[in-house]
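The values are calculated or read from the model by the stated rules, or taken from the named source; none is laboratory data. Quick caveat, the model's predicted, so the values are computed rather than measured. All Cβ positions, even for glycine, are placed from backbone atoms using ideal geometry, and neighbour counts span all protein chains on display. The accessibility values were calculated without ligands, DNA or RNA, using every heavy atom of the protein model including side chains. Shrake-Rupley method; radii C 1.70, N 1.55, O 1.52, S 1.80 Å.
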Amino acid sequence: MNAATLRRLAAYYKPYKRVFWTDMFFAFVSAAVALVIPLIVRYVTSTITVMQIKEAQTMIFKLGIFMFALVLVQWYANYYISNYGHVMGAKIEYDMRAEIFDHYQKMSFSFYDEQKVGQLMSRVTSDLFDITELLHHGPENIAISMIKIIGAFVILLSVNVYLVIAAFALIPVMLVFAYYCNRKMKRAFRKNREKIAEINSRIEDNLSGIRVVKSFANEEIENEKFKVGNDGFLSAKKNSYHHMGQYHSGLTAFTTLIHVLVIFSAD
């Protein structure tokens, strides 16, 4: 994705800047709370356990109230992201769909002679939904991931330098693995969109000419044509899920290996 495309996509956030930046703020808050709570638990297990009973009870009570407040803050942050963030994505989808439809109205007759209606419909339905999901979840996921990675790095650095080396030793390998699998998934999901566009086109052609089909008793022929397209879509789906399975299982395995390395380094 080049800079011009990124600038064009960023322009769709302009009418919703307030919601966007609030969404990003709560993404940071949610990630920060996820880092703070384990630190409190660590403090309880390492420090409070050696205090006097009354002092420990008082401290645990205070920390319990504080952690409960943090959970409430995290709850509202995630609620805002899931609710208002998705509404922002829906509004961007609304704007994009209106823009595409207006663009369709300006196209020449020759354009429609070369295009299938079903494929054009896919551009304003399934394809557009995927793009707006990226526009909504992309920035917040990057923000959450960055603060968690940086926060974990700083926390581990304050605990033990060897833990940092052990925890982050596999990160470059994970990035290469994720990049390699992501390229395959992009091609697979692009094939999915092409196949569903073909199916939509086949359905549109069939239903618009259903009187002709039934007049010549061509239902079986149309069913066979549809089956070919549907089989192609299923095959593309299987391929995309194969690559997606490799991606997620591989990253999970790397995460588990990081835990193993940290445990051995701690020893």
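Points to keep in mind about this one:
- Spacing of the two label points (7 Å from each Cα toward its C-beta) at N223 and N78, in nm: 4.8 nm
- Where segment 52-159 is the region considered: accessible area per residue in Å², 1.4 Å probe: 67 Å²
- Only protein atoms count toward the accessible area here, which uses a 1.4 Å probe; on the chain, the carbon and sulfur part of that area reaches 66 percent.
- Listed values (1) 12.9; (2) 14.2; (3) 20.6, entry calculated as mean projected area of the Cα convex hull in nm²: (3)
- Derived scalar couplings between HN and Hα for segment 122-138 equal 5, 5, 9, 10, 5, 4, 5, 4, 4, 5, 5, 5, 5, 5, 7, 7, x Hz in order, rounded to whole Hz, by the Karplus curve 6.51 cos²θ - 1.76 cosθ + 1.60 (θ = phi - 60°), x for Gly and Pro.
- Karplus-derived 3J(HN,Hα), 6.51/-1.76/1.60, for each residue of segment 180-195, Hz, glycine and proline x: 5, 5, 5, 4, 5, 5, 4, 5, 5, 6, 5, 5, 4, 5, 5, 5
- Too-long pairs where the Cα-Cα distance tops 19 Å, listed order kept, from K191/K237; K116/K191; K195/K227; K116/K237: K116/K237
- FRET efficiency, T255 to V71 (Cβ-Cβ, R0 22 Å, nearest 0.05): 0.35
- Segment 222-242 and segment 25-81: distance between their alpha carbon centers, rounded to Å: 50 Å
- Note, ³J(HN,Hα) from phi for segment 241-249, Karplus 6.51, -1.76, 1.60, rounded to Hz, x at Gly and Pro: 5, 4, 5, 5, x, 4, 4, 5, 5
- Here the Kirkwood formula puts the hydrodynamic radius of segment 176-231 at 13.2 Å, using every distinct Cα pair.
- Partner lysines for K17 [C-alpha distance under 23 Å; skip if fewer than 8 residues away on the same chain]: K91
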